[in-house]
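Since the structure comes first, as structure tokens, the remarks are kept for the end.
The values are calculated or read from the model by the stated rules, or taken from the named source; none is laboratory data. Predicted model only: the values in this text are computed from it and were never measured. Cβ atoms come from the backbone with ideal geometry, glycine included; neighbour counts cover every protein chain shown.
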Amino acid sequence: MGILDQELTVVTCSRNDFVGLSRTLKSLTSFYSDMPKVVLVLSEYSQVEINLINSEFAVLSPEIYQINPDGIYSAQNFGLNKVRTRLMLILNGGDSLLTQAALQLLVEKIGTSDWGYGACRFVDPTHGNTRVYRYSNYSLLLHRVGLKFVPHPSVLVDASKAKAIGGFDLNYKIAADQKMLLQFAKNSKPIIITETIASFELGGASSRKSSEIVDDFMNISHEIFGYFFNSRKLDKFIWMFALILRKNLGR
């Protein structure tokens, strides 16, 4: 048994996307000498597809659960509640883990800490572009105001502590992962490595207007931290400035 097998569960949620899910599972089969536990939370898959998953990816010994579709974070909460290892990584269908060595390094570096992350490769299928996103010098302030974010496919969190805070907040349809990570960040600093952990395909619901993104971070900030400097007026000014910066920086 290796460190990944002992310490980490990868939770993968997918709705009616066998091609994307297969890409994710193929990336895991390359971890031939040390595989994490795998929990699959699936919706709208046929029995034929489930049988194919069990046969083609038998080496992973995945735990497979079929649930009714009720949003991505609901599925992730379901998967979280099935995790029995100390650490969890959410890797949605279509995403890929890149190297066993990078993931092992992150688990080793985290040790008994609550959370940590590495770099993430973003793929733009429309234009055929890729870029690697690194947030190497974590700033709670920049994360809080939404000028920076932590890429969830490259994040490991303590599963028991994620359960203790209630998992992913279903009130946030797009930003519940960032709320959870800010809840972690309020209490502890992340462990960070520069190696690239995962590949994430851009598009879909994650592509939104700057105002929508800032509104989510503002509401999350108010819930977790309250107003900046305990002042409603200063807080309002800071969020207006954050929106202007985000638009000017093209984020």
Item to check | Test set (1) buried (at least 19 other Cβ atoms within 10 Å of the Cβ); (2) over 13 Å from the mean Cα position of the chain (by Cα) - GLN178 fails condition number | outcome: (2)
Item to check | strands (runs of 3 or more DSSP E) wholly inside the range 84-143 containing at least 2 residues that are buried (at least 22 other Cβ atoms within 10 Å of the Cβ) and at pLDDT 95 or above | outcome: 87-90, 115-124
Item to check | Every residue from the range 201-214 that is acidic (Asp, Glu) and surrounded by fewer than 16 Cβ atoms within 10 Å (Cβ to Cβ) | outcome: GLU212
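When the residues of the range 187-200 are filtered to those that are under 27 Å from SER74 (Cβ atoms) and touching a helix residue (DSSP H, G or I) at 6+ places or on another chain (Cβ under 6 Å), which remaining residue is surrounded by the most Cβ atoms within 10 Å (Cβ to Cβ)?
Here the residue is ALA198.
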Item to check | Top-ranked residue of the range 215-251 - restricted to ones that are without any contact (Cβ under 8 Å) to a residue 40 or more places away in the chain and hydroxyl-bearing (Ser, Thr, Tyr), ranked as surrounded by the fewest Cβ atoms within 10 Å (Cβ to Cβ) | outcome: SER231
Checklist outcome for this item: Only one of ASN77, ASN54, ASN68 is surrounded by fewer than 15 Cβ atoms within 10 Å (Cβ to Cβ), of a type outside the set (Ser, Thr, Tyr) and closer than 23 Å to ALA176 by Cβ, namely ASN68
Item to check | Complete set of residues in the range 59-77 that are touching a residue at least 40 places away in the same chain (Cβ under 8 Å) and part of a helix (DSSP H, G or I) | outcome: ILE72, TYR73, SER74, ALA75, GLN76, ASN77
